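Single-structure report; data block below.
Every read-out reported here was derived from the displayed coordinates using simple, explicitly stated rules and does not represent laboratory data. Note that the structure is predicted; figures quoted are calculated from it, not measured. Positions of Cβ are generated from backbone atoms using ideal geometry, with glycine treated the same way; all protein chains shown enter the neighbour counts.
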Amino acid sequence: MHKLKIAVLFGGCSPEYNVSLQSAYSIITHLNNDKYEPVLIGITPTGEWFRFTGDPVKIKDNTWCNSQDCVRAIISPSREVQGVLEFDNGKIREIKLDAAMPVLHGKNGEDGTIQGLLELAGIPIVGCRTLSSALCMDKDRAHKLAYAAGVRVPRSFIIDDKKNWETVCEQAENIGYPLFVKPVRAGSSIGITKVLNRNDLATAVKLAFAYDDRIIIEENINGFEVSCAILGNDELIVGELGEIELKNGFFDYTEKYTPKSWTFHVPARIPAPKAEEIKNTAVKIYKALDCSGFARVDMFLTPMGEIVFNEVNTIPGFTIHSQYPRLLQAAGMTFEQVIDTAVGLAVGA
Ligand SMILES: Nc1ncnc2c1ncn2[C@@H]1O[C@H](COP(=O)(O)OP(=O)(O)O)[C@@H](O)[C@H]1O
Ligand SMILES: [Mg+2]
């Protein structure tokens, strides 16, 4: 059988480089080898591109980038190639692709940049395309579109470098403490602070500015976070809901990758009618933000039963322990089937 060539892009010039390596390892090792031939493209934290031909374990261990296993390679923007150009000892080799799956979290990967290159090159994307990736990465613009679709979002305001500090403090008072300070475009809780009082606002703003030139300040939403896995283009598969029970504080970077500090309940401990309403809200958000392929929609459920949008992750964590695959597994799919369906949506299988 002719195997389809699927590029898996991993690593990335992003603070979430390490998370990507873990997700990519799981995806590569669960890809159906009878149907697909993976073409592994690694991007270093400084943004260099290589084709990797070694053992995928080296991706997981972050030892993949070495001269035995790597040759320089790029995705060509030219549709004539529709694939990868490999530079081997002065020779250029073309590898035609049937699809590409960016497994890159955060900046320069989940934000529409790579998706734009793939669309330009005429290579089908496994996952969200350029517009939805860029919109979902921008917490402010994603909120505005979800709100326009009739979904409640946290009250918030934006700070950029032109904003006067007194106005910022006033607006923060209006929102009320505690509040959340976030870079508009980041992930894995990087640069995010829960600010308990005005004395800590300046430090939090400074930290967030290290990751983006626009900062969003949001009201604190009481309750807990629920996540919904969606898979599909027009006809959507919606997984079980997940509920994150935190042992302390909020879901920061250390907590996210320290399994002991939080419990993930699948399905969420929510009565069936409310769970249905949350799933419908997630679908509404997915469509409002033009998502396709797959995405994880995160919301809050307040003690009053209100559903408040938080964010969409267009390339959610994808290890076998990650929320996204677990939510679909709880709805009856295996990890392999999740990947197979996602790839199938891109190649039209
Ligand atoms: N407005 C909010 N109210 C309450 N908790 C929040 C709010 N915003 C974020 N959080 C907490 O902070 C975590 C990280 O914020 P999030 O916006 O999801 O950023 P990231 O893209 O880094 O995952 C969330 O999982 C949640 O625990
Ligand atoms: Mg989040």
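Just a few scattered comments:
- Take the Cβ atoms of residue 334 and residue 57, set R0 to 25 Å, and the FRET efficiency comes out at 0.70.
- Taking 0.36 nm per residue of separation and subtracting the Cα-Cα distance, full extension of the segment from residue 80 to residue 306 would add 76.3 nm.
- Cross-link table 194/247; 182/274; 3/96; 182/206; 163/206, entries beyond 18 Å C-alpha to C-alpha: 182/274
- Pairwise FRET efficiency - residue 160 versus residue 88, Cβ, R0 = 35 Å, nearest 0.05: 0.20
- Across the chain, Cα pairs under 8 Å and at least six residues apart give a relative contact order of 17 percent.
- Each of residue 276 and residue 71 was given a label point 7 Å from its Cα along the Cα-to-Cβ line. The distance between the two points is 5.7 nm.
- Cβ crowding within 10 Å ranks 326, 152, 296 as 152, 326, 296, fewest other Cβ atoms first.
- Chain lengthening between residue 148 and residue 48 when straightened (0.36 nm per residue, less Cα-Cα): 32.1 nm
- By definition, a body whose alpha carbon gyration tensor gives a ≥ b ≥ c is oblate when a/c is 1.5 or more and a/b is not larger than b/c, and segment 156-219 fits this oblate description.
- Per-residue Cβ neighbour rank within 10 angstrom, fewest leading, 167, 44: 167, 44
- Stretch gain in nm, segment residue 284-residue 120, where the contour uses 0.36 nm per residue and the Cα spacing is subtracted: 56.2 nm
- Note on the chain: with charges restricted to the Cβ of Lys and Arg (+1) and Asp and Glu (-1), its dipole about the Cα centre is near 100 debye.
- In terms of surrounding Cβ atoms within a 10 Å radius of their Cβ, 181, 195 rank from fewest to most as 195, 181.
- Point-charge dipole on Cβ atoms (K/R +1, D/E -1) for segment 96-222, about Cα centre, debye to 20: 160
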